[in-house]
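What follows is a short report on a single structure.
The values are calculated or read from the model by the stated rules, or taken from the named source; none is laboratory data. Since this is a predicted model, take the numbers as computed values, not measurements. Please note: Cβ atoms are built from the backbone with ideal geometry, for glycine as well, and neighbour counts cover all protein chains shown.
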Amino acid sequence: MAFANHEQANEENDLTLSLPKESGLGAAPYLHLFQDFWCPSYYVQGVNNFQKHFHAKDSDVFVASFPKSGTTWLKALAFVIVNHQRFSSFDHHPLLSSNPHQLVPFPEFILSHDLHDKILSLSNMSEPRVLGTHLPFPSLPESITKSNCKIIYICRNPFDTFVSAWEFFTKMKLVSSPALTFEEAFEKYCNGIMGFGPWWSHMLGYWKESITRPDKILFLKYEDLKEDTAFHVKRIVEFLDSPITQGGDSNAVIENIINVCGFEKMKDLEVNKSGDIDNIAEKKNFFRKGKIGDWINYFSPSMMEKLSKIIEEKLSGSGLSFKVHS
Ligand code: A3P
């Protein structure tokens, strides 16, 4: 990690060391309780820098999510839709030669180091910028909540999210990460301890905001997107006021968008089969099964009962619910 000077490095260490610490599933050996969410240790400073130094533009589009909820898929869809006029050929599309996380960066991750250069590279991105974030709604930089930029949020049923997180984070190259058993990781998850968790407050923060500000936040569920992709892609297109809907062949364009972002298509691309993102996550691990209901192969009856009760208790009265497929 390159720091501008020792003073900055010390400030960063002081901030991180002052926070409560836990082990849990996430993109770092430890999670720190920072502003009411469990922030992976590597990114505490990145979050802090994002909040202090990022300037949203009205044209920005943010893909927001709890980890392992379908972020990669939604980043791909949002990138293709937003850049439809710039990259109209689906045979030579940047998505065929770059992973969605390279095309749609997470500012809270990239601003963890080399702050000045990274701020510059973010402000030089071609507009409209498509960016990602795992931050809970209350921790977003003020310029995002106050500007006219748009947010598309995706969440997933908490059963599959946990299994996907277990399979993903236990394959990460983390130095001195305490090894958790599946049962231990599950207990932590039930207590809200996973990177960017608790998952319930993450979902509810965006859910409530999407109800009060439907022009600002479009709330999606992975299961809905899987079950009727065309319908929800059209919702995204309309939400973003994309000119795609104005053309006579909009259905054909939407079909092409869905195909280029399809699970099997993306998983089979050379660019997604090897190499890693930020030196810690192998690209191939972002494409595992892409199915609804894989949790049934992992959960004991008592785990199922426990998580069902927590979902009921935490989401009760909110209007947000999930079909639990098996
Ligand atoms: P599984 O682990 O259940 O297979 P995220 O992108 O937020 O990290 O979420 C990863 C999950 O989304 C993984 O789920 C992954 O397989 C799935 N996924 C990735 N790309 C997808 C796509 N194009 N369509 C559907 N699911 C996709």
>> Can you find a residue that is within 30 Å of Leu111 (Cα to Cα) and small (Gly, Ala, Ser) anywhere in region 252-260?
In response: no
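Quick grid of which residues meet (1) without any contact (Cβ under 8 Å) to a residue 40 or more places away in the chain; (2) among the hydroxyl-bearing types (Ser, Thr, Tyr); (3) in a loop (DSSP other than H, G, I, E, B):
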site: Gln51; (1), (2), (3): no, no, no
site: Thr72; (1), (2), (3): no, yes, no
site: Lys75; (1), (2), (3): no, no, no
site: Gln85; (1), (2), (3): no, no, yes
site: His113; (1), (2), (3): no, no, yes
site: Leu122; (1), (2), (3): no, no, no
site: Met125; (1), (2), (3): yes, no, yes
site: Leu131; (1), (2), (3): no, no, no
>> Suppose the filter is within 16 Å of the ligand (Cβ to nearest atom), of a type in the set (Gly, Ala, Ser), farther than 26 Å from Ile110 by Cβ and in contact (Cβ under 8 Å) with a residue 40 or more places away in the chain; does Gly293 pass it?
In response: yes
>> Checking the conditions here, which among His113, His134, His101 is modelled with pLDDT under 95 and closer than 23 Å to Asp276 by Cβ?
In response: His113
> Asp278 is checked against (1) within 11 Å of the ligand (Cβ to nearest atom); (2) modelled with pLDDT under 95 and fails just one. What number does that condition carry?
Replying inline: (1)
> Looking at region 53-61, is at least one residue outside any loop (DSSP other than H, G, I, E, B), over 30 Å from Val163 (Cα atoms) and at pLDDT 95 or above?
Replying inline: yes
>> Yes or no: region 101-117 includes at least one residue that is away from the ligand (no atom under 16 Å from the Cβ) and of a type in the set (S, T, N, Q).
In response: yes
> Mind checking whether some residue in region 267-274 is crowded, with 16+ Cβ neighbours inside 10 Å, within 16 Å of the ligand (Cβ to nearest atom) and among the polar types (S, T, N, Q)?
Replying inline: yes
> Which fully enclosed helices (runs of 4 or more DSSP H) of region 142-214 have 3 or more residues being more than 16 Å from the ligand (Cβ to nearest atom) and of a type in the set (Ser, Thr, Tyr)?
Replying inline: 199-212
> Which residue, of Phe79, Phe182, is crowded, with 17+ Cβ neighbours inside 10 Å, modelled with pLDDT of 95 or more and hydrophobic (A, V, I, L, M, F, W, C)?
Replying inline: Phe79
